[in-house]
Amino acid sequence: MKQPHILCSENDIEKMVVLPGDPERVLRVAGFLDTWEEVAYNREFRTIKGTYKEVPITVTSTGIGGASATIALEELITCGAEYFIRIGSAGACQSQIDIGDLIISTGAVREEGASRMYVSQNYPAVASFNLLRIIDDTCTELGYKPFIGITRSHDSFYIDNERQLMKHWNTKNVLGSDMETSAIYTVGSLRQVNVASILNNVVRYQSDVKDAINDYVDDETKAAEGEKKEIILALESFYNLYQELNS
Ligand SMILES: O=P(O)(O)O[C@H]1O[C@H](CO)[C@@H](O)[C@H]1O
Ligand SMILES: O=c1cc[nH]c(=O)[nH]1
């Protein structure tokens, strides 16, 4: 049955799914695949499927925020997907994290509304241990040195006290902020599927979000390199997972 938002049915979706937020990033992932075709594009949800070193892979954009990300996740699960790696962008919460550095989220502060509609805030938003293990091993293989730890997901980009909130989470050793990780981790655990999140840092700690958007243009090369690295890390991790599942 075709799902109402992603406009895909079971035949369209593979077990392993890469989840960027931005529909344009889907096409940049396509550049790393051996074969691919677009399956559907509705609203913020663009889906392609293809192969990476013969591993069947789906890539679906989730849009911005937990609300749309959990819609994508739920519909992809209904279509039979089981393993999800988000490749997102983030703002750093620690000063040693530079533009283009990768952050791997082991768990996320649930400062967004979508996951709260599912379950009380006492419930943790944690990554799949199995996927984290594979991603960590793959980083070693690739020579990547990501920051690994807790992140925070929020709903509101331009609120007046965002800087203070980031300062607060900085003292709690949170690495960075995005808008989807905690929601997809929570729903992933509730639905018993495997979810992990790799984030490319695009904003330095305590830079103004509006300036940072300009920095983002200035730091285009570093940010683009970070995005490339997270795409390769996600695809190589799925390659390694596929070998494990089929050995
Ligand atoms: O680049 P993506 O994956 O969309 O991730 C980040 O960028 C968007 C905000 O600019 C939010 O979706 C946030 O989580
Ligand atoms: O600062 C940032 C940058 C990207 N995504 C976020 O959620 N925050």
Carbon and sulfur atoms account, in whole percent of the 1.4 Å probe accessible area of the chain, for 50 percent
Take each of the peptides 123-129, 201-207, 184-190, average the number of other beta-carbon atoms within 10 Å over its residues, and list them starting from the highest.
184-190, 201-207, 123-129
Using the Cβ atoms and a cut-off under 10 Å, what net charge is assigned to the surroundings of Tyr83, where Lys and Arg are +1 and Asp and Glu are -1?
-1
accessible surface per residue for the range 10-245, probe 1.4 Å, DNA/RNA/ligands not counted, whole Å² -> 44 Å²
The alpha-carbon center of the range 1-74 and that of the range 148-205 are separated, in whole Å, by 22 Å
Using mean Cβ contacts within 10 Å as the protection proxy, how do 220-229, 130-139, 17-26 order, highest first?
17-26, 130-139, 220-229
Taking Cα atoms only, helix 209-218 is inclined relative to the longest principal axis of the chain by an angle, in degrees rounded to 10, of 60 degrees
Can you compute 3J(HN,Hα) from phi for each residue in the range 80-97, using the Karplus curve 6.51 cos²θ - 1.76 cosθ + 1.60 with θ = phi - 60°, rounded to whole Hz and x for Gly and Pro?
x, 6, 10, 10, 10, 10, 6, 10, x, 10, 8, x, 5, 10, 9, 6, 7, 8
By per-residue mean of other Cβ atoms within 10 Å, what is the highest-first order of 3-11, 86-94?
86-94, 3-11
What does the convex hull of the Cα atoms come to per residue for the range 59-169, in Å³?
131 Å³
Could you give the Stokes-Einstein D for the range 48-94 in µm² per second, using the C-alpha Kirkwood radius, 10 °C, 1.306 mPa s?
129 µm²/s
Volume per residue that the Cα convex hull of the range 99-247 spans, once the total is divided by residue count, Å³
105 Å³
Rounded to the nearest 500, what is the 222 nm mean residue ellipticity of the chain from helices alone, with -39500 (n - 2.57) per DSSP H run of 4+ residues and division by all residues?
-12000 deg cm²/dmol
Qualifying lysines (Cα of each under 21 Å from Cα of Lys2; at least 8 residues distant if same chain)
Lys15, Lys49
If amide H atoms are built 1.01 Å from N in the plane of the peptide, which residues on other chains or at least 5 residues away come under 5 Å of the amide H of Cys93?
Gly176, Ser177
Would you tally the net charge around Asp12, using a Cβ to Cβ cut-off of less than 12 Å, leaving Asp12 out, and scoring K and R as +1, D and E as -1?
-3
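The values are calculated or read from the model by the stated rules, or taken from the named source; none is laboratory data. Please read these numbers as outputs of a predicted model, since none were measured by experiment. Cβ sites come from the backbone with ideal geometry, for glycine too, and all protein chains shown count toward neighbours. Note: accessible area is taken over every heavy atom of the protein model, side chains too, but ligands, DNA and RNA are not part of it. Shrake-Rupley method; radii C 1.70, N 1.55, O 1.52, S 1.80 Å.
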